[in-house]
Amino acid sequence: MVLQEQQIAAQIVEIGRRLYERGYIVAGDGNVSARTSDGNVLVTPTGINKGFLKPDMIVKTTLTGQHVAGSHRSSSELAMHLAIYEERPDVQAIVHAHPPIATGFAAAGLALDKAFVSEVVLTLGCIPLAPYGTPSTRELPDALRSLCHRHDAILMANHGAVASGPDLETAFNRMETIEHFARISLTAHVLGGGKPITGPMIGKLIEVREKAGLMSPEMRCQECSYTDEVPGLNCPTSVPTPVSAAEDETVTLTRRELIDLLDRAAQLAAKGNR
Ligand code: 13P
């Protein structure tokens, strides 16, 4: 491994240690990956406790999943990481874990999509729930492909959570925010129910986060019930097409993407009738 890759491998080890220490993973849970400068990926090995990794256990693969280097087998969820890298060229690192409170929401079929905490609206927006997919199959990457365009933090039904970012540190911090927000949401529920921030106030938060460069306008209209309530929220209309979809393949669209798609079709039809 070249120096830059050794540094990334050491960082992946450190993130695994933190995930274990924070109780976000136990036993063989979780996986962590990052892009390398030569266009490949470094990823954790499968089935090993990620709290106690050594840098030489980290595996290098291509973006299509071919083994490049390392004596271990790569994560069984490598395809999920590669799908996110494929959809999001800006993403440099991905962390998957099973933090207990957030995973409790995912097991109960509940998204973390209410605007209960201003800081979460500012940094992540809402955290949607991706449909269930069998681990290690294509179902899981397919469930995440469309959501990952507008979300850096996603719950995975009956499974766990995934966070992505421009570096490993940010992806880990996002995982921490997911679990912290799940804890807060649960506390608010126990205390009689959270009181969500309302539409116009959310509009102001979105303005603040875009001015501060915390989230791009492309992520303005997420899979949250609350973005529908924001007056005058102008959603960018680019609808991402899942890159790997063949002509006859079933694709999944989020509700927002379906609305955008229908809006665009209606606009085109109106133009054609003029
Ligand atoms: P791996 O050890 O194969 O990465 O799998 C862990 C996991 O959390 C699967 O969801």
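Rule-based calculations on the coordinates, nothing more; no lab input. Keep in mind it's a predicted model, so treat the numbers as computed, not measured. Because the Cβ atoms are built from the backbone with ideal geometry, glycine has one as well, and the counts that use them run over all protein chains shown.
Annotations
- Extreme residue, positive dipole direction of the chain, given options PRO236, PRO55, VAL91 (C-beta unit charges): PRO236
- Length gained on full extension, LEU186 to ARG17: 58.2 nm, using 0.36 nm per residue less the C-alpha separation.
- Mean separation of Cα pairs under 8 Å and 6 or more residues apart, divided by the residue count, gives region 1-127 a relative contact order of 22 percent.
- Nearby lysines by direct alpha-carbon distance to LYS204 (threshold 20 angstrom, same-chain neighbours under 8 apart not counted): LYS114, LYS195
- Furthest towards positive pole of dipole, ILE178, SER118, SER76, structure part the chain, Cβ charges: SER118
- Only DSSP H runs of four or more residues enter the estimate; each adds -39500 (n - 2.57), and after division by the residues of the chain the mean residue ellipticity at 222 nm equals -12000 deg cm²/dmol.
- Remark: region 17-96 carries a charge dipole of roughly 280 debye about the Cα centre, counting +1 on each Lys and Arg Cβ and -1 on each Asp and Glu Cβ.
- The magnitude of the dipole of the chain, with charges of +1 and -1 set on the Cβ of Lys/Arg and Asp/Glu and taken from the Cα centre, is near 400 debye.
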